[in-house]
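Written below as structure tokens is the structure these notes are about.
Every number in this text was worked out from the coordinates using simple rules, so none of it is lab data. These numbers come from a predicted model, not from an experiment. So basically every Cβ, Gly included, is an ideal-geometry build from the backbone, and we count neighbours across all protein chains shown.
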Amino acid sequence: MALKEFKCPNCGGALEFNPGTQEMTCPYCDSVIDMEALAAMDEELASEKPSEAIDWGFEGEGWGPGEQQGLAVYSCKSCGGEIVGDETLGATSCPFCGNPVVMTSKFSGTLRPDAVIPFKLDKKAAVAALGKHYLGKKLLPPVFKDKNHLDEVKGVYVPFWLFDADADAHVEYTATRTRRWSDSKFDYTETSFFRAVRAGGIGFDDVPVDGSSSVDDTLMESIEPYEMRDSVDFKTAYLAGYLASKYDIDAEQSVDRANARIRNSTEAAFASTVTGYDIVTPKSTHISLKSGGIRYALLPVWLLGTSWQKKNFIFAMNGQTGKFVGDLPLDKSAYRKSFFKIFGFSAAILLAIGRGIVSLL
């Protein structure tokens, strides 16, 4: 399996992609290498020979049935250490020498991504965003911010399928508008009923669908949107210093989710034009979709894992925009106090209203 390491031409150290400068930097001699200067390295994808497996001359107990399924073993070119990962692993760092490596075979030929959005925000920004995420959360246990343990912070290029489509829709709504007034004798209510029809077309570009089964789809959709105008042609150099994987959910398997997202967006867009009514209810909806093409891209995500009271909490940050999401634990004591405070306030209002009615009688 071919591995690629980006070596500094000045000291031989391992280069890493720097989100701040959008260039390759050497952490050892501080050299800065322009991305275009590394373009020739990607041409090696078609001709590079696979690394030879290491033969340690040890004949121990063999693998049991199914134990090797889904595993891949690579040999680090810098120290010779073995890197073990799943079959979708595309970029990582050597656990022995720390050098960033890219599994070039995962991104060659038909598996090569069409585009990549390079990281714009670094690890420090992700950790800072986690701290801001705690602010203003009144029901967050006070000790969580100080006692939780930040287990892992990793920058990951997540594989996505980007769908283009045109949607033609015809939607009919029933709507009502209510008017109320009173005179000296009666209270009046007038309800008017309307039929609203909307028809037209909407074009969608780069609707993303997560192509990795190891990453939660809802979590990935929560950190959208990405600014696709910042995407660039794929180069393996962008992966240096980060984790990456190739898709294990192909485009065909992602079509249904893409269609559902496009249909939901179309319905929401048309519904937003039916205004001026008190109640609007869709009566019939017909949406036809026409495919405009599919692209394969890698998008930047910071994943953070914390643990507290034997529970794990996962957070995600968009590596381009900084949008941050993640669930937090609930302080049950504070929640109960808040509930009874609201309940008591509501009861006091109802009691006051009741006394006012009695006094009128």
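Any idea how far apart Arg112 and Lys185 come out in nm if each label point goes 7 Å out from Cα toward Cβ?
Label at Arg112, label at Lys185, 8.6 nm between them.
Which ordering of Trp161, Trp181, Trp308 is given by a fewest-first count of other beta-carbon atoms within 10 Å? If you can, show how the numbers build up before the last one.
Working: Trp161 24, Trp181 9, Trp308 16.
Sorted ascending by nearby Cβ count, the order is Trp181, Trp308, Trp161.
Taking the number of other C-beta atoms within 10 Å as the exposure measure, put Lys311, Lys185 in order starting with the fewest.
Working: Lys311 9, Lys185 5.
With the sparsest Cβ surroundings first, the list reads Lys185, Lys311.
For a quick check: sort Asp34, Asp166 by the number of other beta carbons within 10 angstrom, fewest at the front. Provide the component values of the computation, followed by the final result.
On the way: Asp34 11, Asp166 14.
Arranged by neighbour count, lowest to highest, Asp34, Asp166 become Asp34, Asp166.
Work out the P(r) tail for segment 123-333: percent of alpha carbon pairs separated by more than 28 Å, whole number. Let's see the in-between values first.
On the way: 11051 of 22155 pairs.
Cα-Cα pairs in segment 123-333 separated by more than 28 Å: 50 percent.
Mind jotting down the distance between the C-alpha centroids of segment 118-137 and segment 211-246, whole Å?
17 Å
Using the charge dipole of segment 123-333 (Lys, Arg: +1 at Cβ; Asp, Glu: -1 at Cβ; taken about the Cα centre), state which of Gly155, Leu299, Ser265 has its Cα farthest towards the positive end.
The residue sitting farthest along the positive end of the dipole is Gly155.
Calculate, in nm to one decimal, what Ala128 and Arg195 gain on full extension: separation in residues at 0.36 nm each, minus their alpha carbon distance. Each step should come with its number before you reach the end.
Details: separation 67, 0.36 × 67 = 24.12 nm, distance 5.11 nm.
Taking 0.36 nm per residue and subtracting the Cα distance, the gain is 19.0 nm.
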